[in-house]
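To start, the structure under review is shown below, and the notes come after it.
The values are calculated or read from the model by the stated rules, or taken from the named source; none is laboratory data. Predicted, not measured: the structure shown is a model, and the values here were computed from it. So basically every Cβ, Gly included, is an ideal-geometry build from the backbone, and we count neighbours across all protein chains shown. Surface areas here come from the heavy atoms of the whole protein model, side chains and all, with no ligands, DNA or RNA. Shrake-Rupley method; radii C 1.70, N 1.55, O 1.52, S 1.80 Å.
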Amino acid sequence: YMSGFGNEHVSEDPRCPGALPEGQNNPQVCPYGLYAEQLSGSAFTCPRPTNKRSWLYRILPSVCHKPFKPLEEGHLTHDWDEIEPDPNQLRWKPFEIPKAPQNKMDFVSGLHTLCGAGEPRGRNGIAVHIFVCNTSMIDRCLYNSDGDFLIVPQQGKLLITTEFGKMLVEPNEICVIQQGMRFSVEVFGETRGYILEVYGAHFELPDLGPIGANGLANPRDFLVPVAWYEDRQVPGGYTVISKYQGKLFAAQQDYSPFNVVAWHGNYTPYKYHLEKFMVINAVAFDHADPSIFTVLTAKTTRAGVALADFVIFPPRWGVANNTFRPPYYHRNCMSEFMGLIKGHYEAKEEGFQPGGGSLHSMMTPHGPDADCFEKASKARLEPERVADGTMAFMFESSLSLAVTKWGLQTSNRLDKNYYKCWEPLKSHFNPKCK
């Protein structure tokens, strides 16, 4: 891997030294008889700090394929009106992984949309997907014409082959496959995880403000794959799948798309290990807002308002004096989807399980369950480790998210007793005792 977030990277497969043209992007004849192809992640005229593009030098250009034809989407959708809105606090039990070989399912066929908002044609919105799979993608790849995928594996590792090279992504790591990048996923057994899709913006590191120059997710800890190519003919047909305007389409070609011998640019896939996050926390009193745990953000045009934030709750020390230390009770103008990679989330140690999730919609109240409140209210306030062995995360958005029919009904994983975790909360009010 090469390190650095948003850097200008240069890479060529060592089997073909000198494959990168020198001094220009598009020579009349490229080294080794390669084709030059630019992949643009922004408008040509974007200001330099936001201009994203990479040049790929490949054995055949990606234009060599048969026409795209519609492909069955399964449970992938961007229809936010298929079922009536539900403002309730929602929690899902761990999503079920199909058993092989009775029901073989790869990454694409295992995509299930849980909730979302906005519209990919208008380039403004997000979607939350669950992926469950038990077999690798064989002679087929996917690219997302609508936006970026932030992939959070929860069970099982992913070997992701991209046009830029390979990435091994394990639980407690994340990766981002940006708009238009072709990739294929190999798995090693029953595999499950979460995806945050954004269309209309790319992920970036949050501004640090008074924190200063260092902290949270440090740029050098993001890893980019190195060039790797295969010159492989596929007489039986290689399937290239495009997610376009919320639908899936498939085209056939007779060669592997992972035929990029060299590339350079700042528009790449990348991965990050969540254990490298430098936690900022309150060290005197009160409870800092969860925005201090933001790893990546996709901004809107409104200052300080995110289309989507990716936030984690990693192991850390709790030291605040005279403070109720777990998350406070809260109503929010944002939508909050939470997932659990491993361990026990501090505010709900029972019921919220790895591989499941919860959604607290816009202005729907939420907070610690009754058991957590009672324990934290009586706890001796001394330095303590919080969330050891645990990694919870949140997809937060300024959009009001609609839940799909699969999420509310078909998945059969909705916990209909979730609301009961707050029922034991009782009044401690005593007007005679200040």
So how many residues does the stretch 122-162 have that are among the aliphatic types (A, V, I, L, M), open to solvent by less than 10 Å² (accessible area, probe 1.4 Å) and farther than 22 Å from G407 by Cα?
-> 3
Taking the stretch 395-434 and the residues there that are more than 14 Å from W92 (Cα to Cα) and among the hydroxyl-bearing types (S, T, Y), the one that is least open to solvent (accessible area, probe 1.4 Å) would be S397
Checking E396 against (1) part of a helix (DSSP H, G or I); (2) modelled with pLDDT of 95 or more, the condition it does not meet | (1)
Within the set of pairs 6 or more residues apart or between chains, which connect a residue that is assigned by the TED database to the domain that holds L307 inside the stretch 388-400 to a residue that is of a type in the set (S, T, N, Q) and surrounded by fewer than 22 Cβ atoms within 10 Å (Cβ to Cβ) with Cβ atoms less than 8 Å apart?
-> M391/N172; S398/T300
Scanning the stretch 274-292 for residues that are surrounded by 15 or more Cβ atoms within 10 Å (Cβ to Cβ) and under 20 Å from G4 (Cα atoms) gives L274, F277, V279
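I'm checking my understanding of the structure. Among residues of the stretch 231-267 that are assigned to a loop (DSSP other than H, G, I, E, B) and open to solvent by 10 Å² or more (accessible area, probe 1.4 Å), which one is nearest to E119 (Cα to Cα)? Walk me through how you get there before you give the answer.
If we filter the stretch 231-267 for residues that are assigned to a loop (DSSP other than H, G, I, E, B), which is where we start, we get 231-232, 245-246, 256-259, 266-267.
Filter once more, keeping what is open to solvent by 10 Å² or more (accessible area, probe 1.4 Å): 231-232, 245, 266.
Numbers: D231: 38, R232: 37, Q245: 8, N266: 27 Å.
For the stretch 231-267, the residue satisfying everything is Q245.
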If you scan the stretch 329-348, which residues turn out to be part of a strand (DSSP E or B) and within 22 Å of the chain's Cα centre (by Cα)?
-> S335, E336, F337, M338, G339, L340, I341, K342
Would you be able to say whether some residue in the stretch 207-220 is open to solvent by less than 30 Å² (accessible area, probe 1.4 Å) and over 24 Å from V10 (Cβ atoms)?
-> yes
State all residues of the stretch 26-61 that are of a type in the set (S, T, N, Q) and closer than 26 Å to E204 by Cα; if no residue qualifies, say none.
-> Q38, S40, S42, T45, T50, N51, S54
Quick one: is V187 at pLDDT 95 or above, touching a strand residue (DSSP E or B) at 6+ places or on another chain (Cβ under 7 Å) and open to solvent by less than 10 Å² (accessible area, probe 1.4 Å)?
-> no
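Residue-wise test of (1) surrounded by fewer than 16 Cβ atoms within 10 Å (Cβ to Cβ); (2) among the hydrophobic types (A, V, I, L, M, F, W, C); (3) in the same structural domain as E197 (by the TED database).
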{"site": "K52", "(1), (2), (3)": "no, no, no"}
{"site": "G74", "(1), (2), (3)": "yes, no, yes"}
{"site": "T77", "(1), (2), (3)": "no, no, yes"}
{"site": "P85", "(1), (2), (3)": "yes, no, yes"}
Determine which single condition G304 fails, assuming it passes every other condition in (1) small (G, A, S); (2) more than 18 Å from the chain's Cα centre (by Cα); (3) more than 30 Å from G367 (Cα to Cα).
-> (3)
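Results for (1) surrounded by fewer than 16 Cβ atoms within 10 Å (Cβ to Cβ); (2) not assigned by the TED database to the domain that holds G147, shown as yes or no for each residue.
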residue	(1), (2)
G6	no, yes
R15	yes, yes
E22	yes, yes
G33	yes, yes
P49	yes, yes
L60	no, yes
R91	no, no
Q102	yes, no
